[in-house]
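> Below are the structure tokens for one structure; questions will follow.
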Amino acid sequence: MQIDNSIYFNPDRLLSYNCLLSIVIGERGVGKTYSMKDYCIRHFLKQHKKFCWIRRYASDLDEAIGTNDDFKFFSAVSQKHPYKYSMTQNKKMISLYLNDRVCGYATSLRAAESLKGSEYSDVDTIVLDEFLVGDGGSHYLKNEPMYLLSLIETIARFRKIRVILLGNASGSIVNPYFDFFKIHLPYNSEYQTF
């Protein structure tokens, strides 16, 4: 029996709009995180451009990335992309390696302020994973969209980049991002541009 791949998220159409900020909301398990990791690897290999993977808190990031002894960030895509993966970590940022070359970075949104003054001129994709809070007890940072905008400014420095926010449909549509950017869900359409 063959799996119907059409149920999984494919970012190609979304990214063809070349928007600064794209928001993806979908059911759990449809491959939002997987497909963006896949895109980031392919983009690095083809364009030599790096990415920055963001989670809200350091504890969320630790859970998603793992440790040097239990590195798991690329485990889901490693079958499709069988490369050597590793990481190094300092107080501000985690560097992610593909075949001993830095392919991306990871940090928490909470740590974004400490990155000011650093240079990331080779980063052109930012992914904020799990941007919607569900019922799991987590909560938004105070003025959270401002943390994201500060991080975008730190990384982009007036360059063209892409920022993709990934969230589960089980998260609330009442959230600081929709309020801040005055976003409404695209009824009667798969995509909506603002």
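The values are calculated or read from the model by the stated rules, or taken from the named source; none is laboratory data. Computed from a prediction, not measured in an experiment: that's the story for all the values here. Here the Cβ positions follow ideal geometry from the backbone for every residue, glycine too, while neighbour counts run over all protein chains shown. Accessible surface areas use protein heavy atoms only, side chains included; no ligands, DNA or RNA. Shrake-Rupley method; radii C 1.70, N 1.55, O 1.52, S 1.80 Å.
> How many of the residues in the range 161-177 are crowded, with 17+ Cβ neighbours inside 10 Å and more than 20 Å from M36 (Cβ to Cβ)?
Within the range 161-177, residues that are crowded, with 17+ Cβ neighbours inside 10 Å and more than 20 Å from M36 (Cβ to Cβ) number 1.
> Restricting attention to the range 23-36, does a residue exist that is over 25 Å from Y140 (Cβ atoms), at pLDDT below 95, in a strand (DSSP E or B) and of a type in the set (A, V, I, L, M, F, W, C)?
Looking for residues that are over 25 Å from Y140 (Cβ atoms), at pLDDT below 95, in a strand (DSSP E or B) and of a type in the set (A, V, I, L, M, F, W, C), one finds none in the range 23-36, hence no.
> Of (1) open to solvent by 30 Å² or more (accessible area, probe 1.4 Å); (2) at pLDDT below 95, R42 satisfies all except one. Which?
(2)
> Consider L149 against the criteria (1) of a type in the set (A, V, I, L, M); (2) in contact (Cβ under 8 Å) with a residue 12 or more places away in the chain; (3) surrounded by fewer than 17 Cβ atoms within 10 Å (Cβ to Cβ): it satisfies all of them except one. Which criterion is unmet?
Going through (1) of a type in the set (A, V, I, L, M); (2) in contact (Cβ under 8 Å) with a residue 12 or more places away in the chain; (3) surrounded by fewer than 17 Cβ atoms within 10 Å (Cβ to Cβ) one by one, L149 breaks only (2).
> When the residues of the range 75-102 are filtered to those that are closer than 30 Å to G171 by Cα and hydrophobic (A, V, I, L, M, F, W, C), which remaining residue is surrounded by the fewest Cβ atoms within 10 Å (Cβ to Cβ)?
Restricting to residues being closer than 30 Å to G171 by Cα and hydrophobic (A, V, I, L, M, F, W, C), the top hit is A76.
> Considering only residues that are within 12 Å of the chain's Cα centre (by Cα), of a type outside the set (F, W, Y) and not in a strand (DSSP E or B), which ones fall in the range 37-65?
K37, D38, C40, R56, L61, A64
> Find the residue count for the range 48-65, including only residues that are over 17 Å from S22 (Cα atoms) and touching a residue at least 12 places away in the same chain (Cβ under 8 Å).
Matching residues across the range 48-65 total 10.
> Moving on. Across the range 83-97, which residue is nearest to S108 (Cα to Cα) among those that are basic (K, R) and touching a strand residue (DSSP E or B) at 6+ places or on another chain (Cβ under 8 Å)?
The qualifying residue nearest to S108 (Cα to Cα) is K92.
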